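Novice: After the structure tokens below, expect a handful of questions from me.
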Amino acid sequence: MSGHSNSTHDATGQVPAGATGTGTGAGTGAGPPGHLVVFDTTLRDGEQSPGVSLDAAEKLEIAEQLARAGVDYVEAGFPVASQGDFEAVQAIARSVGNASDAPAICGLSRTQLSDVDRCWDAVHDARRARIHVFISTSPQHMEHMLKMTPAQVLAETRAGVARAREHTADVEFSPQDATRTSFDFMLEVLAAAVEAGATTLNIPDTVGYGIPWDFGALIQHIRSEVAGEYVLSTHCHNDLGMATANTLAGVQAGARQVEVCVNGLGERAGNAALEEVVMAIRIRPDQFPGVATTVRTEELARASRLVSRLTGYPVQFNKAVVGRNAFAHESGIHQHGVLADRSTYEIIDAASVGQVGRQIVLGKHSGRHAFSDTLEKMGIKTQGEGLNRAFTRFKELADRKVEISEADIEAIVIEELGQDLVDDFQLEALEVSGGTVGMPHARVVVSRAGDKVEATSDGDGMIAAASAAIRKATAVESQLIGFNVSSVTGGVDALGDVVVQLEADGLKVSGRGVSTDVVEASARAYLAAVNRLLRIRARNQERRIDTGF
Ligand code: KIV
Ligand code: ZN
């Protein structure tokens, strides 16, 4: 990293627990000394992952789960980006941000005064609200993107932070692309931000350039050079696969806020993963003495599944903590060891991260009341038309599958919740024929806003025929670039879980579908991807500004 090569940290980078900046941390999320503030940015940075487009209802659903998981902050969006973003942030501030034990709700803002005001309008109905002001400070960004001199950036920082501070005592400031910024200039900007009233200084490794010991040293330097009361925060991208390692190095060097995303989502290669950072702190107290989060770790797997379903981003099987293989043991020696004592090959108890699914006693004779009761116990809120559709899917499933698990219910309900009844295409009917003799053939009926369209097609296989028929029926041209099938649970009657990736006009989107029939799951996934494509196109037209990172 540029400009701070005279590292003064010791070889281990270890610092006393509870250290926050040069002071105790004045932000409202600072908590007791040693409390590590978990700032989740799945709905803002995570939503900037290529192909992800969440609507307001989906964002609300994720925010509710984050609240259940006990994160301290939910960065709900970038209100000035579009009217849709503004409304989604406002809805989250008004509902999730007002529950008892609610996380604080944060909105992102550029330094322009009108942006800051707009951000405040979106978040201020929450019980605790934060404005996160950012501006780029690296030579590359100042010259090529902002077209500003360092003096102008300094002035912008002062003005933006001071304006935010007029609205709230909880103001975060980020010098974007910090790890490629001249150290002296960064110190100047950070000192100006503190003077203007920033209570959290976030250090973004915007392009994932950091290496753990270097990033840790950077945090340590800032702590010793920038005077005042503030909480230091990390925001690490994963371009070199080191986002979690860099985040932890930052914590070891005294950062007391971590910015993270569920499943490590985020721009390009993503951000540090919520579940990895939280579990590393939990499992290795020897490395982080006195430091703790208040995250309810049993909710991590559920958060992961929910985000994966709503974004269409599958979780890799061997993903740490929340991957389906994270607790699977293949070799005989390992199985033997784990059966004798779990600690032989596992450092995390699967139940402690919610990876042990509960079996539920619902079957084909269960009524709507029992079904909605179960959903409520699972913490899934749905009513009206959403509940009706989910119940219909549940009944279809109960006809085909003997044992229905919590994961099955979650999969079908979330698929239904992800649909917009008015603007989305719905799958009304699917008929396929195929085999070793003759050409596979499919007939589909899709509807949109009450209008039904039927189409037929042949294909190389039944899935290809169904996809081609959907392409005709929706008249949305795209290329199939990815197809993945797995099962929600084990057993011969398990739900097939299909993820389809489409590309059109340079846009990549994914969609997910579940069914005991893999062809049906594929058709649902294909249609979900088409719907997402249409939504992103509409949103891109509406989006007024870009964050530029
Ligand atoms: O990566 C980045 O620099 C950001 C900032 C807005 C914090 O996301
Ligand atoms: Zn970022």
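The values are calculated or read from the model by the stated rules, or taken from the named source; none is laboratory data. The shown structure was predicted, so the numbers you read here are calculated from the model rather than taken from an experiment. FYI the Cβ positions are ideal-geometry reconstructions off the backbone, even for glycines, and counts take in every protein chain you see. All accessible areas refer to the heavy atoms of the entire protein, side chains included, with ligands and DNA or RNA removed. Shrake-Rupley method; radii C 1.70, N 1.55, O 1.52, S 1.80 Å.
Novice: Could you pull out every one of the lysines with an alpha carbon less than 18 Å from that of K452, ignoring same-chain neighbours closer than 8 positions?
Specialist: K472
Novice: A follow-up question, please. Using DSSP to call loops (not H, G, I, E or B), can you name the trypsin sites (Lys or Arg not before Pro) in region 176-277 whose Cβ has at most 11 other Cβ atoms within 10 angstrom?
Specialist: none
Novice: Ok, one more. If DNA, RNA and ligands are ignored and the probe is 1.4 Å, what is the ranking of R163, R130 by accessible area, most exposed first?
Specialist: Numbers: R163 65, R130 5 Å².
From most exposed to least exposed: R163, R130.
Novice: Report the net charge of residues surrounding Q140, where surrounding means a beta-carbon distance below 13 angstrom and charges are Lys +1, Arg +1, Asp -1, Glu -1.
Specialist: 0
Novice: Here's a follow-up. If you count only protein heavy atoms with a 1.4 Å probe, what accessible area per residue comes out for region 426-547, rounded to a whole Å²?
Specialist: Values: 5730 Å² over 122 residues.
On a per-residue basis, region 426-547 sits at 47 Å².
Novice: Tell me, what is the per residue accessible area of region 328-416 in Å², probe radius 1.4 Å? All intermediate terms of the calculation are to be shown ahead of the outcome.
Specialist: Details: 5080 Å² over 89 residues.
Solvent-accessible surface per residue comes out at 57 Å².
Novice: Right, here's the next one. Under a 5 Å amide H to amide H cut-off, with H placed in plane at 1.01 Å, what residues pair with I135 once short-range neighbours are removed?
Specialist: Distant-sequence amide H within range of I135: S174, Q176.
Novice: By a straight-distance test (C-alpha under 27 Å), which lysines pair with K319 as possible cross-link partners, with residues fewer than eight away in the same chain excluded?
Specialist: In chain and number order, the partners are K59, K508.
Novice: Next question. What's the longest uninterrupted piece of the chain once you rule out the GluC sites (Glu not before Pro) that are loop residues per DSSP with at most 11 other Cβ within 10 Å?
Specialist: Working: sites that count: E330, E477.
The answer is 1-329.
Novice: Run the helix sum for the chain: -39,500 (n - 2.57) per DSSP H stretch of 4+ residues, divided by residue count, reported at 222 nm to the nearest 500 deg cm²/dmol.
Specialist: After summing the helix terms and dividing by residue count, I get -11500 deg cm²/dmol.
Novice: If I take every Cα pair under 8 Å that is 6 or more residues apart in region 37-311, average their sequence separation and divide by the length, what percent do I get for the relative contact order?
Specialist: Result for region 37-311 is 19 percent.
Novice: Let me ask something additional. Kindly write out, for region 38-45 in residue order, the coupling ³J(HN,Hα) from the Karplus curve 6.51 cos²θ - 1.76 cosθ + 1.60 (θ = phi - 60°), rounded to whole Hz, with x marking Gly and Pro.
Specialist: Result, ordered by residue: 9, 10, 8, 10, 4, 7, 10, 5 Hz.
Novice: For the chain, which whole percent of the accessible surface, found with a 1.4 angstrom probe, sits on carbon and sulfur atoms?
Specialist: Numbers: 11510 of 22050 Å².
Of all accessible area on the chain, carbon and sulfur atoms account for 52 percent.
Novice: In region 105-194, which chymotrypsin sites (Phe, Trp or Tyr not before Pro) fall in coil by DSSP and have 14 or fewer other Cβ atoms within 10 Å?
Specialist: When the chymotrypsin sites (Phe, Trp or Tyr not before Pro) of region 105-194 are filtered for loop state and at most 14 Cβ neighbours within 10 Å, nothing remains.
Novice: Please tell me the relative contact order of the chain in percent, rounded to the nearest whole number, where contacts are Cα pairs under 8 Å and at least six residues apart.
Specialist: This gives 13 percent for the chain.
Novice: Can you spot the aspartates and glutamates whose alpha carbon is less than 18 Å from K147's alpha carbon? Ignore those fewer than 8 places along the same chain.
Specialist: The qualifying aspartates and glutamates are E156, D177, D546.
Novice: ³J(HN,Hα) across region 319-326 via Karplus (A = 6.51, B = -1.76, C = 1.60, θ = phi - 60°), whole Hz, x for Gly/Pro?
Specialist: 5, 4, 6, 10, x, 5, 8, 4
Novice: Considering amide H positions built from the backbone, and no H for Pro or chain starts, which residues 5 or more places from T234, or on another chain, come under 5 Å of its amide H?
Specialist: The answer is I203, Q257, V258, E259.
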